[in-house]
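First comes the structure, then the notes that go with it.
What follows is calculated from the coordinates using simple rules that are stated; it is not laboratory data. None of the values given here were measured: they were computed from a predicted structure. Here the Cβ is made from the backbone with ideal geometry for all residues, glycine too, and neighbour counts use every protein chain on show.
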Amino acid sequence: MSLPPLYALRAFEVAARLNSFSKAAEALNITPGAVSRHVRTLEQWFDCELFKRQGPRVEVSDAGRILAGQLSESFSNIEWACRAFRSENHLLRLKAPSTLTMRWLLNVLKSFRENHAKPKIEIASVWMDFDTVDFSREPYDCAILLGNGYFGESTESRLLFSEWLIPVCTPSLLESARHQLPECDLIHPSPDRRDWKRWLKRTGSFPGLDVSRGIVFDTLEQGSLAAMHGHGVAMADLRLTLDALKSSLLALPFREAIATGDGYYLVWPKNSLRRQSIERLLAWLNLNAPVLPSLDIVCLDYNEKRV
């Protein structure tokens, strides 16, 4: 469907809002006659009277009032979008999981700011039961999500690093966890206890171990903090636990780490106007991705093969 001229719609909206052709002409820097011609164009287009004319005076008709209200809202949205794009075209709004943010992302973004004047990064660290983002409804330009790499047809994604899970505990619990795990309190980072189940199944360790017991949290961060305070043996992301291992806040009772098949991805809309800034951020995240430690660790992929 073709549309009436945009400049005619704009002239009519201003004239209706000010209830005056002369005031509209002054606001738009055109002549009152030009405003009148724009209004006539629309009246012919819609085949209805938009203004009642009483000699030199004009008054918006009922039909004109309805159209003007809708146009005012539409032009307001256009103006807001243009202002937002102009002021924020060097700002990236990033959504990220809370554990990843606290364990890795904050330091990486700090170094990014120190080395790049633009774009500025505004981060929202949120808890997500399932890592998702709806760019059409949420105010983000990109997101870091845990998943298999597919986050919808309208998005693009790039892998930052894969998830590897391994048990952790305090150094004081190291021997107990290693030799008497069934007697230790298990710390679960999710209510479904899936991480311990997967690790026990893939490593073949402690067959018959009851995973229904223990302490249950809803993030890896909470589970790791509980382990640091000596409350038991937690399942943790190996890469996101490197600092705690180096500082001896946590230790590894076992050397088997398992891949879940998931990874952390940077995700953004396919039609993003911020693509250049997103790619700059992506390059920095890849450059600073946490590296698996050079420890004597046996890595098992999700097909239970050693890698």
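Direction-averaged projected area, Cα convex hull, segment 88-231: 10.8 nm², rounded to one decimal. Starting from the eigenvalues of the Cα gyration tensor, five times each then square-rooted, give me the equivalent ellipsoid semi-axes of the chain, largest first, whole Å. Result for the chain: semi-axes of 62, 19, 16 Å. Label sites at SER154 and LYS23, each approximated as a point 7 angstrom past Cα along Cα to Cβ, lie 4.0 nm apart. Modelled spin-label separation between SER2 and GLU122, with each label point placed 7 Å from Cα along the Cα-to-Cβ direction: 4.1 nm. Of the chymotrypsin sites (Phe, Trp or Tyr not before Pro) in segment 105-148, the ones in a loop by DSSP (not H, G, I, E or B) with at most 10 other beta carbons within 10 Å are PHE130.
Maximal additional length on extending the LEU91-SER74 stretch stands at 3.6 nm, based on 0.36 nm per residue less the C-alpha distance.
GluC sites (Glu not before Pro) within segment 144-199: which are DSSP loop residues with at most 11 other Cβ atoms inside 10 Å? Before the final figure, lay out the partial values.
Working: sites: GLU153, GLU156, GLU163, GLU175, GLU183; in loops: GLU153.
Loop-located and lightly packed - GLU153.
Shown is the FRET efficiency for ASP47 and LYS270, computed with R0 = 35 Å from the Cβ-Cβ distance and rounded to the nearest 0.05: 0.30. Of all aspartates and glutamates in the structure, those lying under 16 Å Cα to Cα from LYS201, and not within fewer than 8 positions of it along the same chain, are ASP192, ASP210, GLU256, ASP301, GLU304.
Using the Cβ-Cβ distance between LYS197 and GLU114 with R0 set to 30 Å, the FRET efficiency works out to roughly 0.10. Per-residue packing, averaged as other Cβ atoms within 10 Å, sorts the ranges 97-108, 207-218 into the order 97-108, 207-218, beginning with the highest.
Checking the cross-link pairs LYS120/LYS246; LYS95/LYS120; LYS110/LYS246; LYS118/LYS270; LYS120/LYS270; LYS110/LYS270 against a 25 Å limit on the alpha carbon distance flags LYS120/LYS246; LYS110/LYS270 as lying beyond it.
Computed with the Debye formula from one identical point scatterer per Cα of segment 182-267, without solvent, the log10 of I(q)/I(0) at q = 0.24, 0.25 Å⁻¹ comes to -1.41, -1.50. Potential lengthening of the chain between LEU292 and ARG255 amounts to 12.1 nm, from the contour at 0.36 nm per residue minus the alpha-carbon distance. Our summary of shape: the Cα atoms of segment 6-88 have principal axis extents of 48, 24, 18 Å, ordered from largest down, in whole angstrom.
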